[in-house]
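Enquirer: Questions regarding the structure given below will be posed in turn.
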Amino acid sequence: MESPNQVDRRRILSFLESLANTPDLVGDYTESDDTGRRIQIKIVGEYALSYWADHPVKEVKVVRIEKAD
């Protein structure tokens, strides 16, 4: 049986893989960084993943993974 940490890790990796296929996935909510860029926040298990799609270079930038409040 998987521990809760292993389940969250598997869910996070699965979500990150889905971002590779669909970089415009909308998070559960958004924030703006200090440059005004919209950062998507997705809650996955007990974690909040912050990311944004950098379309000119065809990358998704994951800027933070932290325990959700």
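Just so it is clear, none of the values below were taken in a lab; they were calculated from the coordinates. These numbers come from a predicted model, not from an experiment. So basically every Cβ, Gly included, is an ideal-geometry build from the backbone, and we count neighbours across all protein chains shown.
Enquirer: Between Asp24 and Val63, what's the calculated FRET efficiency when r is the beta-carbon distance and R0 is 22 Å? Round to 0.05.
Expert: 0.85
Enquirer: Here is a follow-up. As I understand it, the value is the acute angle between the Cα axis of helix 4-21 and the longest principal axis of the Cα atoms of the chain; what does it come to in degrees, rounded to 10?
Expert: Between helix and principal axis, roughly 30 degrees.
Enquirer: Going by average Cβ neighbours within 10 Å, how do the peptides 57-63, 36-42 rank, with the highest at the top?
Expert: The densest-packed peptide leads the list: 36-42, 57-63.
Enquirer: Just going by the charge dipole of the chain, with Lys and Arg at +1 and Asp and Glu at -1 on Cβ, which of Pro4, Ala48, Thr35 is farthest out on the positive end?
Expert: Final value for the positive-end residue is Pro4.
Enquirer: Once you sort the root eigenvalues of the Cα gyration tensor of the chain as a ≥ b ≥ c, which label holds: rounded (a/c under 1.5), prolate (a/b larger than b/c) or oblate (the other case)?
Expert: oblate
Enquirer: On a straight-distance basis, which aspartates and glutamates could pair with Lys58 in a cross-link, Cα separation under 12 angstrom, same-chain partners fewer than 8 positions away excluded?
Expert: Counting by Cα, and skipping residues close in sequence, Lys58 has these aspartates and glutamates nearby: Asp24.
Enquirer: Among the aspartates and glutamates, which fall within straight-line cross-link reach of Lys67, defined as a Cα-Cα distance under 14 Å, with same-chain neighbours fewer than 8 residues apart omitted?
Expert: Asp8, Glu46
Enquirer: Need the full-extension length gain, Thr35 to Asp8, defined as separation in residues times 0.36 nm minus the C-alpha distance. One decimal, nm.
Expert: 6.7 nm
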